[in-house]
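To start, the structure itself, in structure tokens.
Throughout, read-outs are computed from the coordinates displayed, never taken from laboratory work. Remember, predicted model here, so these are calculated numbers, not experimental data. FYI the Cβ positions are ideal-geometry reconstructions off the backbone, even for glycines, and counts take in every protein chain you see.
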Amino acid sequence: MAFPDIYTEGIASGWKVIDASALAAAQTLEADVAIIGSGAGGGLSAEILSQAGLRVVLVEEGPLKTSADFRDMQEARAYRDLYQGGGPGKATSDGAITILQGRSVGGTTTINWTSSFRTPEPTLKFWASEHEVVGHSVEEMKPWFAMVEQRLNIAPWAPAPNANNSVLKLGCDKLGWESHVIPRNVKGCWDSGYCGFGCPVNAKQSMLVSTIPEALKHGATLIHRLRVRQLQHADGKITAAIGEALGAKDGRTPTGVTVTIRARHYVAAGGALNTPALLLRSQLPDPNQLVGKRTTIHPVVLTMATMPEKINAFYGAPQTIASDHFQWKDGATGPMGYKLEVPPMFPGIGSATFNVFGKDLQEGMADFARANSLLALLRDGFVPQSEGGTVRLGDDGNPVLDYELSDYVWEGARRALLSMAELQFAAGATKVRAAHLDSAYYANWPEARRAIAELPLKKFRTTLFTAHLMGGCPMSENPKRGVVTSRGRHHQIANLSILDGSVFPTSIGANPQLSIYGMTAQNATALAKELAR
């Protein structure tokens with residue numbers, strides 16, 4: 001079945017879309033609002049502000065890739081075209097934690113697995129009581145979450161979970177643990193499972209297919225393959241955003257062409273790595289040295305299981321069941337909590353998760369159809385022993401994340417590995433191993449419990465990754481504790497807002513995309529009213 005490409009038709013009808021790699025000479029663009037970053041925060045901001053009658057320029061460092069590019073459903077192509085650092089090539093400064101983050105029009109919303117949770121009540125209460133955040137209580141956020149859920153068709157997944165997610169449901173049921181169905185932002189989903197490579201049928205309601213097209217219909221300009229290197233400023237205001245065009249061949253090498261964007265207001269929405277880096281490169285006022293600090297990531301650990309039947313973990317909606325049984329069990333400030341979920345498993349990235357090579361890897365891949373993996377999202381940022389990491393600038397001016405793991409985090413990671421192994425055996429696994437270089441496959445739960453309790457949990461021996469980056473420009477009404485106010489307005493720069501996950505004072509404790517949508521809807525709507533006046 002052939003599907004028309006949204007952007008081919010839209011551009012033909014007059015949408016203003018500029019590929020900066022094709023520019024031959026320097027350009028200057030004028031706007032009411034310049035938005036830097038097209039992910040969850042930038043894409044939704046573009047819709048809200050353009051619908052208010054404001055002239056919007058939306059800037060994306062990555063390329064414009066659409067459903068027409070996704071129909072091969074290939075891992076290698078997706079990692080190369082849609083991910084920061086080519087997918088698994090992006091990591092923390094020491095290389096110990098793999099970072100999965102989007103880098104194309106739509107940002108991470110183009111390649112995420114669609115899990116959409118409202119910000120947990122304990123998180124919102126903690127921000128209010130401990131970080132002087134106002135206006136974001138559960139009751140105050142309800143209408144904004146409801147608005148976004150309707151806009152992006154977010155609802156609990158109605159069909160039965162695939163075999164991969166059924167392992168989590170069955171294990172929780174057997175052990176008497178809490179589990180729940182995950183809300184997903186999809187419409188007309190084919191249940192193919194290829195969400196992480198870009199949806200080939202435009203079912204996933206990412207910014208790429210929802211808010212950005214709507215902004216373009218309202219006269220917004222999208223410019224992609226443009227890296228904003230600096231926000232020029234004087235007298236407490238941004239005067240221009242200076243960008244460098246990136247070549248089409250690799251999408252990362254500057255062509256030498258510059259683009260200057262002049263606007264009444266600027267919105268930084270590049271995410272928890274790129275937004276702090278932009279502020280640092282621009283040498284914006286930072287009197288309390290907060291920019292880039294308290295960058296939280298939801299460190300993730302995994303276990304691998306072999307099930308008695310075929311799981312085919314690459315097929316079907318990737319995440320539809322989750323468990324918060326261990327998330328808030330000890331409160332926000334007790335031992336580290338974690339959320340249990342199921343990742344999809346594809347041969348490329350899945351083979352790396354086995355942490356073996358040679359004959360062991362051959363045997364693992366030969367039995368790949370029966371493989372199941374569980375992951376734990378560890379909730380950092382709530383206690384002094386777990387305050388996240390620091391974004392700084394590398395020699396090339398790009399963001400580098402330093403992230404250390406304390407004994408507090410490792411203790412949480414061990415409990416998570418034990419919980420996941422117990423669950424997989426309860427669900428009928430024939431063998432289970434931790435994603436750890438020193439782990440073997442264990443034949444039963446008592447054996448796994450003894451062995452995992454003794455594993456040396458260290459960087460480079462324990463598989464660690466994250467797909468959730470938050471913080472680095474935290475919000476607070478107190479300028480000594482926040483880069484921006486609770487409304488996302490910069491404390492020192494009058495015409496700068498930050499509308500992305502970098503404003504979160506801690507991690508969320510759940511997949512953060514809906515939290516970003518809700519906060520952005522609230523704050524961008526207030527900004528639109530102010531600028532329209």
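Sequence gap at least 6, Cα distance under 8 Å: using those rules, report the relative contact order of the chain to the nearest whole percent.
Values: 1290 pairs, mean separation 122.8, N = 533.
Result for the chain is 23 percent.
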Under a crude label model (7 Å from the Cα following the beta-carbon direction), how far is residue 461 from residue 16 in nanometres?
5.8 nm
Tell me, which longest segment in the chain has none of the chymotrypsin sites (Phe, Trp or Tyr not before Pro) that fall in DSSP loops with at most 13 further Cβ atoms within 10 Å?
1-189
Would you mind checking the tilt of helix 407-426 against the longest principal axis of the Cα atoms of the chain, expressed as 0 to 90 degrees and rounded to 10?
60 degrees
In sequence order, what are the phi-derived ³J(HN,Hα) couplings for segment 139-155 according to the Karplus relation 6.51 cos²θ - 1.76 cosθ + 1.60 with θ = phi - 60°, rounded to whole Hz, with x for glycine and proline?
5, 5, 8, 3, x, 6, 4, 4, 4, 5, 4, 5, 4, 9, 6, 7, 7
Gyration tensor (Cα) of segment 417-478, equivalent ellipsoid semi-axes in angstrom
32, 15, 10
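Just subtract the alpha-carbon distance of residue 130 and residue 492 from 0.36 nm times their residue separation and send over the number in nm, one decimal.
Details: separation 362, 0.36 × 362 = 130.32 nm, distance 2.21 nm.
Taking 0.36 nm per residue and subtracting the Cα distance, the gain is 128.1 nm.
What pairs from 125/329; 310/431; 431/459; 458/480; 359/431; 65/204 go past 23 Å between their alpha carbons?
From the list (125/329; 310/431; 431/459; 458/480; 359/431; 65/204), the Cα-Cα distance tops 23 Å for 431/459; 458/480.
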Work out how far the C-alpha atoms of segment 26-118 reach from end to end along every principal axis, then list the three figures in whole Å, largest first.
43, 36, 30
Separation of alpha-carbon centers, segment 293-354 and segment 118-153, rounded to whole Å
24 Å
Per residue of segment 372-389, in order, report the coupling 6.51 cos²θ - 1.76 cosθ + 1.60 (Karplus, θ = phi - 60°) as ³J(HN,Hα) in whole Hz, putting x for Gly and Pro.
10, 10, 10, 10, 10, 8, 7, 8, 9, x, 9, 9, x, 7, 8, 9, x, x
For segment 240-249, what does the Karplus curve 6.51 cos²θ - 1.76 cosθ + 1.60, with θ = phi - 60°, yield as ³J(HN,Hα) per residue in whole Hz, taken in order and with x for Gly and Pro?
6, 9, 10, x, 10, 6, 10, x, 6, 4
